[in-house]
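> Okay, handing you the structure first.
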Amino acid sequence: RVSYTKAFARYALELSRLMTIKDVACHLGISWDVIKEIQKQDLRRRFGKPKLKRLRQIAIDEISVGKGHRYVTLVLDLESGAVVHVGEGKGGDALRDFWKRLRASGAKVEAVATDMSPAYIEAVKEHLPGATLVFDRFHVMKLFNDKLSDLRRELYREATDMQHKQVLKGTRWLLLKRPENLDPKRDEMRRLDEALRLNQSLATAYYLKEDLAEAWEQDDRESAEASLLDWIHQAEGSGIRMLMKFARTLRCHAQGILAYYDYPISTGPLEGTNNKIKTMKRQAYGFRDQEFLKLKIYGIHETKYALVG
């Protein structure tokens, strides 16, 4: 019940490889909506029901898709690189349909890479009790960097000496950079050293940040466990509230961090997918049709259309 033939639809799809929806519509003398619908039907046919039976290792994370804190939760097949679920919102509710489809598929998922979100942890333990949870290195380090920024901000507020305030001001990004990435032309190393010299608690947190990364760079799980436990003991004995609280968090999630040595996976591939989605949205000047956006995300690993705007 459409106003075009199958041959016309195939021709429009071929043009869509090199032209935007608007350009194809102008070239063929029809409306933008018709070309979008042709693309949408093609995407629905090819990606509307992602196959889950062969899933073994997956990654779960949420991404922002618009203003007003609009999110979608993605599930990625780490072996094929395909997005197999796009859920509205974030948290456990966004995965409800995925668990239903996964049970029906009979897939045997062995490992799940995610952040330390309680909602994701609870959902995975409930629906995949036999799978290994692997907490993503990027998210663990990002969480610590956020706490480090909060500590710097707290020290700045508490400082009474204007010189100390001036030294702390503008050092946030210096604290988050790796030492080898500090720019000598901007005198960043000297500025960082001065800030650390004047604030012992900040210096302790900064050097422990560098030590924490070592937990993912050991030769085996036993060495990594020793490194992580040593870090936790140092943080607990530092007397710094932020470090002590973070140490408790790591102690509770240690097995998920060390599981990286059993399954060296992460949510990193999802970050690459997120960048592709951002590029796609920018080219399209946004999406009003949420189903179309979902279908485009499902098919993003098999890019067929050059642009979508």
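> Just to confirm my filter: which strands (runs of 3 or more DSSP E) fall fully inside the stretch 42-155 and include at least 2 residues that are among the basic types (Lys, Arg), closer than 30 Å to Thr171 by Cα and within 15 Å of the chain's Cα centre (by Cα)?
Result: empty, no element qualifies.
> Sort out which residues of the stretch 238-270 are of a type in the set (Phe, Trp, Tyr) and more than 23 Å from Leu76 (Cβ to Cβ), and write them in order of number.
Of the stretch 238-270, the ones of a type in the set (Phe, Trp, Tyr) are 246, 260-261, 263.
Within the stretch 238-270, just Phe246 meets the criteria.
> So, in the stretch 100-119, how many residues would count as being open to solvent by less than 10 Å² (accessible area, probe 1.4 Å) and in contact with a helix residue (DSSP H, G or I) (Cβ under 6 Å, 6 or more places away or on another chain)?
So the count comes out to 2.
> Oh, and also: Restricted to the stretch 186-214, and to residues that are free of Cβ contacts under 8 Å to residues at least 60 places away in the same chain and in contact with a Lys or Arg (Cβ under 9 Å, 6 or more places away or on another chain), which residue is surrounded by the fewest Cβ atoms within 10 Å (Cβ to Cβ)?
Among residues in the stretch 186-214 that are free of Cβ contacts under 8 Å to residues at least 60 places away in the same chain and in contact with a Lys or Arg (Cβ under 9 Å, 6 or more places away or on another chain), the one surrounded by the fewest Cβ atoms within 10 Å (Cβ to Cβ) is Glu210.
> Sticking with this structure for a sec: When you look at Glu122, is it touching a residue at least 60 places away in the same chain (Cβ under 8 Å) and either surrounded by fewer than 18 Cβ atoms within 10 Å (Cβ to Cβ) or of a type in the set (Lys, Arg) (or both), yes or no?
Values: touching a residue at least 60 places away in the same chain (Cβ under 8 Å): no; either surrounded by fewer than 18 Cβ atoms within 10 Å (Cβ to Cβ) or of a type in the set (Lys, Arg) (or both): yes.
No; evaluated as a whole, the condition is false for this residue.
> Moving to a separate point now. Looking at the stretch 6-41, which of the residues that are open to solvent by less than 80 Å² (accessible area, probe 1.4 Å) and assigned to a loop (DSSP other than H, G, I, E, B) is farthest from Lys294 (Cα to Cα)?
Among those that are open to solvent by less than 80 Å² (accessible area, probe 1.4 Å) and assigned to a loop (DSSP other than H, G, I, E, B), it is Gly29.
> So, in the stretch 164-185, of the ones that are in a helix (DSSP H, G or I), over 25 Å from the mean Cα position of the chain (by Cα) and touching a residue at least 24 places away in the same chain (Cβ under 8 Å), which residue ends up surrounded by the fewest Cβ atoms within 10 Å (Cβ to Cβ)? Please lay out each step first, then the result.
At the first step, the residues of the stretch 164-185 found to be in a helix (DSSP H, G or I) are 164-168, 172-176, 179-181, 184-185.
Subsequent filtering for residues that are over 25 Å from the mean Cα position of the chain (by Cα) retains 164-168, 184-185.
Subset that is touching a residue at least 24 places away in the same chain (Cβ under 8 Å): 164, 167-168.
Values: His164: 16, Val167: 20, Leu168: 21.
Per the stated criteria, the residue is His164.
> With the condition kept exactly as written, say whether any residue in the stretch 196-204 is closer than 18 Å to Gln255 by Cα and among the β-branched types (Val, Ile, Thr).
no
> Same structure again: Looking at the stretch 215-228, which of the residues that are in a helix (DSSP H, G or I) and under 26 Å from the mean Cα position of the chain (by Cα) is surrounded by the fewest Cβ atoms within 10 Å (Cβ to Cβ)?
In this case the residue turns out to be Arg221.
> Sticking with this structure for a sec: Go through the stretch 133-154 and report how many residues are out of contact with any helix residue (DSSP H, G or I) (no Cβ under 6 Å at 6 or more places or on another chain) and either open to solvent by 80 Å² or more (accessible area, probe 1.4 Å) or of a type in the set (A, V, I, L, M) (or both).
6
> Same structure, new question: Please determine whether any residue of the stretch 245-266 is assigned to a loop (DSSP other than H, G, I, E, B), within 20 Å of the chain's Cα centre (by Cα) and hydroxyl-bearing (Ser, Thr, Tyr).
Looking through the stretch 245-266, at least one residue is assigned to a loop (DSSP other than H, G, I, E, B), within 20 Å of the chain's Cα centre (by Cα) and hydroxyl-bearing (Ser, Thr, Tyr).
> Okay, moving on. Among the numbered conditions (1) open to solvent by 10 Å² or more (accessible area, probe 1.4 Å); (2) touching a Lys or Arg at 6+ places or on another chain (Cβ under 6 Å); (3) β-branched (Val, Ile, Thr), tell me where Ile232 comes up short.
Checking Ile232 against (1) open to solvent by 10 Å² or more (accessible area, probe 1.4 Å); (2) touching a Lys or Arg at 6+ places or on another chain (Cβ under 6 Å); (3) β-branched (Val, Ile, Thr), the one that fails is (1).
The values are calculated or read from the model by the stated rules, or taken from the named source; none is laboratory data. All figures in this text were calculated on a predicted structure; none of them were measured in a lab. Note that each Cβ is placed from the backbone with ideal geometry, even for glycine, and that neighbours are counted across all protein chains shown. These accessible areas exclude ligands, DNA and RNA; they are computed on the full protein's heavy atoms, side chains included. Shrake-Rupley method; radii C 1.70, N 1.55, O 1.52, S 1.80 Å.
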